[in-house]
Amino acid sequence: MLNRCWLPCFAIVLCLGVAVAQDQAPKAKDQAPDISGAWTGTWGIYSPAQGTTPPKNICKQLDAKVEYKNGAWLATFEGDCGRPYKYSIKMEGRQVGKVVLFKGTTDLGEKDGGVFDWIGRANEKEFVGFFTSGYLTGTFNLSRPN
């Protein structure tokens, strides 16, 4: 009688062990979003102290081209904000789920506001971020051109 009880108990424990082992198998990593290519949108000055006030001084157009090169993303931002501008910026990024999170510091020169720190997030359809310098804070919002 004792042998008959052990056999079903052993089968149950074996099945539970297999189920737990399968549940602990490594999960497949999300595929990195394709953020290379053309982007377009706006950027503007924003005051965090006035959180409900929309960004001011939205400039005419912000176009960007993003490419992955030598282990980092390189973005070229171009537009017009009282005068034409064009900046090439190396972006440090890491994949988190189905997005890429960015951060960086770049010196745009004294004429363009000096050193800026920024953070951003991009997926295949949207590239958004926040920037700050010794003088300004602001946001940018880009999407794929139509």
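No value in this document is a laboratory result; all are computed from the given coordinates. Predicted model, so just to flag it, every value in this text is computed and none were measured. Please note: Cβ atoms are built from the backbone with ideal geometry, for glycine as well, and neighbour counts cover all protein chains shown.
Size of the range 66-146: Rg and Dmax of its alpha carbons, in Å, are 12.9, 38. Which entries in the list LYS69/LYS111; LYS98/LYS125; LYS65/LYS111 go over 20 Å, if you measure between the two C-alpha atoms of each? Beyond 20 Å: LYS69/LYS111; LYS65/LYS111. Put a dot 7 Å past the Cα of VAL96, heading toward its Cβ, do the same for VAL115, and the two dots end up 2.4 nm apart.
Sorting 37-44, 79-86 by average packing, meaning the other beta carbons within 10 Å per residue, from highest down gives 37-44, 79-86.
Under the simplified labelling scheme, the ASP80-ASP107 pair shows an inter-label distance of 3.1 nm, with each label point 7 Å from Cα along Cα→Cβ.
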